[in-house]
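Engineer: My questions will all concern the structure given below.
The values are calculated or read from the model by the stated rules, or taken from the named source; none is laboratory data. Please read all numbers here as calculations on a predicted model, not as lab measurements. No Cβ is skipped: glycine too gets one built from the backbone with ideal geometry, and neighbour counts run over all protein chains shown. Keep in mind that these areas ignore ligands, DNA and RNA; they rest on the heavy atoms of the full protein, side chains included. Shrake-Rupley method; radii C 1.70, N 1.55, O 1.52, S 1.80 Å.
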Amino acid sequence: MFRIRKISNPHLSVNIQTMSKIKEIVSQQFPDINPKKIDEISAQLTDSLKYKYQAKIFVAEDEKSTIRGFALFLYMPDLQFCYLDYIAVSPGKTSGGIGGALYERVREEAEAFGALGIFFECLPDDPTLCKDQTTLAQNKKRLAFYERYGARPIVNTRYETTVVPEDDCPPYLVFDGLGVRETLPVAVTRQIFRAILERKYGDYCPETYIKEVVGSVIEDPVQLRPFKYKKKILPELFRTGLPEKKKIFWVINDKHAIHHIREIGYVESPVRIKSIEKELLKTGLFRLGKVKEFSEKPILKIHDPGYVNFFKNVCKSLPPGKSVYPYVFPIRNAARPPKELSVRAGYYCFDTFTPLNKNAYLAARWGVNSALTAAEEMLEGCNLAYVLTRPPGHHAERNVFGGFCYFNNNAIVADYLSLFGNVAILDIDYHHGNGQQQIFYGRKDVFTISIHGHPSFAYPYFSGFKDENGEGEGRGYNLNFPLPETLDGAGYRVTLSKALTAIQKYKPEYLVIALGLDTAKDDPTGTWTLAAKDFEENGRMIGKLKIPTLVVQEGGYKNRSLGMNAKSFFNGLYQGHSK
Ligand SMILES: [Zn+2]
């Protein structure tokens, strides 16, 4: 078992050791490489201005976090192409498909960038260019491997010219058109040749050499070598329909239904999930994942242990079918929890309509497991994931529950992902995301943004004002957009676009969306009038950020339109993300 993780920031503590291991692998695998080049790997990741490309590393790690291999991948935004610098697999271990998995991950990334394709150098499989028989055999194997993806050397140019006459084995430039493109326009190819030779090999290739090679690109369109190892092509790797891996990873909290408050008028009910599930199943956009079990640790990092224990114990102690509503709020003596469990509910709660009952803890706990399952999938390179769960979570603060929420799912996954890079949480529920605001108020590695009905008229009334910006290190990393009582989709998008600009500036590694569908027309808890087409547009705008995005279900109580609105949102999100 291994997973593939993307590294953009080599200075995060979780990545420092990984980076030194990566450098070690490079020097073992490429003994002739200039040590200066190895030292430069970290600098390339952070200084895209200097190098004129964005560099990313994909690292394959096993369950013990041992590095099995990595790929160094560059994107040149001005010419919209990708360059694969290395794929290296740890020596001394069987590769076990790691090279292939890394290459497939690189292709996904190139597709996500909307790149023209991937270019990379490969040593030649032509005996007139490569004299050494062992090297020749390795080169053949490598080129046959890439040919399975349709990637082949560019022909009829002089790319494979040695810089100095005594060099042997001048590399081909191979092109992978990602299953879409088989030839290249001549003008673009010249620019790309120049960019590769200058930016990657500028200190080795003199200008006269670059001019000669670029000038040799004449044929229009530029051709790839015909398939040579053809029988091994993997047809499923060409873009036809929607391959499983490109679908949205979907986790459903299947234990949600045990938490069913039967009181008349309790809108947070199991049918909410069914309405959404039914519509999404029809889309073909999703692949279902199985919920994994996690320890309590990630919850205890976000919620106060006293609250977690209270919640667990009071639920256990209640007879089936009985609900406790907090009714005494210890404003005067908040430092000392009351002894009586049901009274103590008011110590850990901030409203009078979020009940405790036998199954609330289990349903909420399983909701956290669902969310963490999706977060793990994100770490393995998944770009879009959706956690369909209830009870919701975004009103739950560090030590209080309320607003139908017990554990703050989106905060727990954001904290979990924050070990691997900065995270932004965008809350698009009708109600203010007070939970994650309070939890991350002093942190800058998780940027919290919420668009919601103004607290002067909308729940939770006490928070969500514009001037709540964070504190200490977290100052400037909480952003509230309180909006008027009457609002349509077009008005909403004006604000959404401001929020997305702020996220873009922050450049998070991961985006968590707290998806409330209670902004919809006729929602019993809201006042706005968003329609299905508005949800689609909102999704598209978010998708266009092209940030790996984990969507966590929050509110939305108009059961008749929930499914359609969720479907529209994900259609838009998927399209925005993949174009
Ligand atoms: Zn809500």
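Engineer: Quote to one decimal, in nm, the extra length available between residue 490 and residue 461 on full extension: 0.36 nm per residue of separation minus the C-alpha distance between them.
Structural biologist: The span from residue 490 to residue 461 would gain 7.9 nm if fully extended.
Engineer: Against the longest principal axis of the chain, how steep is helix 532-543, in degrees 0 to 90 to the nearest 10, with axes from Cα atoms?
Structural biologist: Relative to the chain, helix 532-543 is tipped by roughly 50 degrees.
Engineer: Let me ask another. Determine the sum of side-chain charges near residue 156: Lys and Arg each +1, Asp and Glu each -1, restricted to other residues whose C-beta is under 12 angstrom from that of residue 156.
Structural biologist: Once positives and negatives cancel, what remains is -1.
Engineer: Could you calculate the FRET efficiency of residue 560 with residue 166 from 1/(1 + (r/R0)^6), where r is the beta carbon distance between them and R0 is 51 Å, rounded to 0.05?
Structural biologist: 0.10
Engineer: Round to a whole number: what % of the accessible area of the chain belongs to carbon and sulfur, probe 1.4 Å?
Structural biologist: It is 54 percent, rounded to a whole number.
Engineer: How fast does the stretch 1-153 diffuse by Stokes-Einstein, in µm²/s, taking the Kirkwood radius from C-alpha pairs at 10 °C and 1.306 mPa s?
Structural biologist: Translational diffusion coefficient: 97 µm²/s.
Engineer: Which net charge results when you count Lys and Arg as +1 and Asp and Glu as -1 among the other residues whose beta-carbon is under 9 Å from that of residue 522?
Structural biologist: +2
Engineer: Let me ask something else about it. Would you mind checking the tilt of helix 271-281 against the longest principal axis of the Cα atoms of the chain, expressed as 0 to 90 degrees and rounded to 10?
Structural biologist: For 271-281 against the chain, the angle is about 20 degrees.
Engineer: Assuming a viscosity of 1.306 mPa s and a temperature of 10 °C, what translational diffusion coefficient in µm² per second does Stokes-Einstein assign to the chain, Rh being the Kirkwood radius over Cα pairs?
Structural biologist: 61
Engineer: Taking DSSP loops as anything outside H, G, I, E and B, show the longest stretch in the chain free of GluC sites (Glu not before Pro) there with at most 11 other beta carbons within 10 Å.
Structural biologist: 341-579
Engineer: First check a/c for the stretch 263-316, with a ≥ b ≥ c the square roots of the eigenvalues of its C-alpha gyration tensor; if it is under 1.5, answer rounded, and if not, answer prolate when a/b is larger than b/c or oblate otherwise.
Structural biologist: oblate
Engineer: Just subtract the alpha-carbon distance of residue 156 and residue 282 from 0.36 nm times their residue separation and send over the number in nm, one decimal.
Structural biologist: 40.5 nm
Engineer: Then there is this: Report Rg(Cα)/(2.2 N^0.38 Å) for the stretch 456-551, keeping two decimals.
Structural biologist: 1.14
Engineer: While we're on this one: Evaluate the charge dipole of the stretch 394-451 about its Cα centre and quote only its size in Debye, nearest 20, assuming +1 on the Cβ of each Lys and Arg and -1 on the Cβ of each Asp and Glu.
Structural biologist: Computed charge dipole of the stretch 394-451: roughly 120 debye.
Engineer: Once a ≥ b ≥ c are taken as the square roots of the eigenvalues of the Cα gyration tensor of the stretch 385-454, is the result rounded (a/c under 1.5), prolate (a/b larger than b/c) or oblate (a/b not larger than b/c)?
Structural biologist: rounded
Engineer: Run lengths n ≥ 4 of DSSP H only: what is the helix-derived mean residue ellipticity at 222 nm for the chain, with -39500 (n - 2.57) per run over all residues, to the nearest 500?
Structural biologist: -11000 deg cm²/dmol
Engineer: In whole Hz, with x marking every Gly and Pro, tabulate ³J(HN,Hα) for the stretch 440-452 from phi via Karplus 6.51 cos²θ - 1.76 cosθ + 1.60, θ = phi - 60°.
Structural biologist: Once rounded to whole Hz, the list reads 9, 4, x, 10, 10, 7, 10, 8, 10, 10, 9, 10, 7.
Engineer: Now a separate question. Please give the Cα centre distance for the stretch 391-469 versus the stretch 499-540, rounded to the nearest Å.
Structural biologist: 14
Engineer: Among DSSP beta bridges whose residues both lie in the chain, state the antiparallel percentage, nearest 5.
Structural biologist: 50
Engineer: At residue 141 and residue 469, where each label point lies 7 Å from the Cα along Cα→Cβ, what is the point-to-point distance in nanometres?
Structural biologist: Each label point lies 7 Å from its Cα, and together they span 6.0 nm.
Engineer: Treat every Asp and Glu Cβ in the chain as -1 and every Lys and Arg Cβ as +1, leave all other atoms uncharged, and give the resulting dipole magnitude about the Cα centre to the nearest 20 debye.
Structural biologist: 1280
Engineer: Which lysines does residue 316 reach when only Cα atoms under 23 Å apart count, and residues fewer than 8 places away in its own chain are ignored?
Structural biologist: Filter leaves 255, 292, 297, 301, 339, 358.
Engineer: Counting only heavy atoms of the protein chains, get the accessible area per residue of the chain (1.4 Å probe) and round it to a whole Å² value.
Structural biologist: Result: 42 Å² of accessible area for each residue.
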